[in-house]
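Single-structure report; data block below.
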Amino acid sequence: MAVSSTFSGAKLERLLINSCSSPSASSLRACSLSHQQMKAFSKPNRGRKALAQRTGGVRCEVAQSDAINEGEKMDPSKASALSALEQLKTSAADRYTKERSSIVVIGLSVHTAPVEMREKLAIPEAEWPRAIAELCGLNHIEEAAVLSTCNRMEIYVVALSQHRGVKEVTEWMSKTSGIPVSEICEHRFLLYNKDATQHIFEVSAGLDSLVLGEGQILAQVKQVVKVGQGVVGFGRNISGLFKHAITVGKRVRTETNIAAGAVSVSSAAVELALMKLPESSHATARMLVIGAGKMGKLVIKHLVAKGCTKMVVVNRSEEKVAAIREEMQGVEIIYRPLTDMLACSAEADVVFTSTASETPLFLKEHVKDLPPVSSEVGSLRLFVDISVPRNVGSCVSDVEGARLYNVDDLKEVVAANKEDRLRKAMEAQAIIAEESKQFEAWRDSLETVPTIKKLRAYAERIRVAELEKCLSKMGEDIPKKTRRAVDDLSRGIVNKLLHGPMQHLRCDGSDDRTLSETLENMHALNRMFGLESDISLFEQKIRAKVEQSQNVQYEVSLIPVSFIYRMIVEVRNLTIRGSSGS
């Protein structure tokens, strides 16, 4: 089988030269390949001493004899330079070709990091597309997604290299948040491939939430998919992962009793406030809710469910408050503008804050002059802040007569019921294990998609060519009905002939066929039908990274030597295999 070499030699060299337009030192080092050295990596190898690797369905044969022969014709200095390149090839480039792209989660959650750190790392929903684009601009990141909520900040990526991908994403998080890399590393968690899949499934099912089974996180996972639609970096692997996570979340809530008795963060906030108030004051305590968005509306609903019949709601506009008032018939909901916030706080026993403000609404100087509350409610004014970033500064807790609770304090609400929670979690874990297996099988099946497409295209080209020959022999006055019948006949024959091979290229978990068997079938079909290796895929990757390095102005985005050599080795190996099979 002769593989097209249009991407070899001069074309690859030209791409690499274009990528080195930056005058930085690292750029110059990365692009110090001579024309002869480029030849050593791109020309076909005959009579080679090969090192064959088989990892993740990718066969890597790194040849050496051509480079040695090339070195024999060079002077000692050039031979020394080539020797250095050989070492780099076998250490960095060869190591990279062994890796299959990995799904990686780099995250911080309420379980691992304090709210002070999470609020600095939080990314507003409107900024998710920009964040995805910047993450995919990193050298070793192919796809990305952001899940940023009040309890977690998690970045999901498909990385060409686990180690370098994690390093680049962590440095990006440090740059965008201002938090030192060392501090992020202290609080982050890292999960790879199957562990990453299980984690997002557990998150979507509500197993990783403070309040077991809470439904808001499933809505937030859905929002990730909605925002990601049309964003270039939200690719097939990541979108497939999140869509499957939504399915898991729905199935867990339907098939288990996990949502029974479980509450949202807003409900937990209400329960926490009532736990801190004397029971005798539950019906008379003066409630103030600041913010009438999604979280604020849920707080109001849960207050009403607990028997509260009167409350004050502070919001920028009255429109949302009026809509809530209309929905909550029989409840007195009083609207006040944001300018009356402090005055309303002076008349409240419990203050709930749930706004999108990026700066605190309450600081020590705002609270210290508020009048004291009555002894009937415990002589303490409660501030329950469920916003990230926080709406109430931590300094408020220093004020006598005030108590501050934030999202981290909701753990107290969910401490009860532990045995029942564990039982429900075990039921959910069985579902997650089953769904994880299905997702991994789907991801494995993607290995054969290019071959399936090429085999169909190959068969279609033959069908069309033979059909045209047949119709031309039948003359021009053939009825349309006859033409259609002949066309349908040819399609039917091709589909029946392809059915068997296509079945043996599927690895979706529906039968006992392993991934290795499927990949063997794929390689056999490539050989038998002379299907071209997908060199264009590597060309696209290099072109994309070149464009990114030219568009982004900081040096860290330049293509590293290891990435360049990985692409060189990939292209050369494909050329070698094609030449040997011709």
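Take the residues in segment 120-147 that are in contact with a Cys (Cβ under 9 Å, 6 or more places away or on another chain) and open to solvent by 10 Å² or more (accessible area, probe 1.4 Å), then tell me which one is farthest from ILE238 (Cα to Cα).
ALA122
Scan LYS175, LYS222, LYS243, LYS226 and give me the residue that is surrounded by fewer than 19 Cβ atoms within 10 Å (Cβ to Cβ) and closer than 20 Å to GLY165 by Cβ.
After ruling out the rest, the residue left standing is LYS175.
Every residue, every condition in (1) over 24 Å from ASP444 (Cα atoms); (2) of a type in the set (S, T, N, Q); (3) in contact (Cβ under 8 Å) with a residue 24 or more places away in the chain, yes or no:
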| residue | (1), (2), (3) |
| --- | --- |
| THR197 | no, yes, yes |
| GLN220 | yes, yes, yes |
| GLY233 | no, no, yes |
| ALA245 | no, no, yes |
| VAL252 | yes, no, yes |
| MET275 | yes, no, yes |
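Quick grid of which residues meet (1) under 13 Å from VAL384 (Cβ atoms); (2) among the basic types (Lys, Arg); (3) out of contact with any His (no Cβ under 6 Å at 6 or more places or on another chain):
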{"residue": "ALA273", "(1), (2), (3)": "yes, no, yes"}
{"residue": "SER280", "(1), (2), (3)": "no, no, yes"}
{"residue": "LYS301", "(1), (2), (3)": "no, yes, yes"}
{"residue": "GLU327", "(1), (2), (3)": "no, no, yes"}
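If we scan segment 397-409, do we find a residue that is acidic (Asp, Glu), at pLDDT 85 or above, in a helix (DSSP H, G or I) and touching a His at 6+ places or on another chain (Cβ under 9 Å)?
No, every residue in segment 397-409 fails to be acidic (Asp, Glu), at pLDDT 85 or above, in a helix (DSSP H, G or I) and touching a His at 6+ places or on another chain (Cβ under 9 Å).
Suppose the filter is under 29 Å from CYS395 (Cβ atoms), within 41 Å of the chain's Cα centre (by Cα) and open to solvent by less than 50 Å² (accessible area, probe 1.4 Å); does THR355 pass it?
Yes: the conditions hold for THR355.
The values are calculated or read from the model by the stated rules, or taken from the named source; none is laboratory data. In this text, all values refer to a predicted model and were calculated from it rather than measured experimentally. When we count neighbours, we look across all protein chains shown, and the Cβ atoms used for this are built from the backbone with ideal geometry, even at glycine. Note: accessible area is taken over every heavy atom of the protein model, side chains too, but ligands, DNA and RNA are not part of it. Shrake-Rupley method; radii C 1.70, N 1.55, O 1.52, S 1.80 Å.
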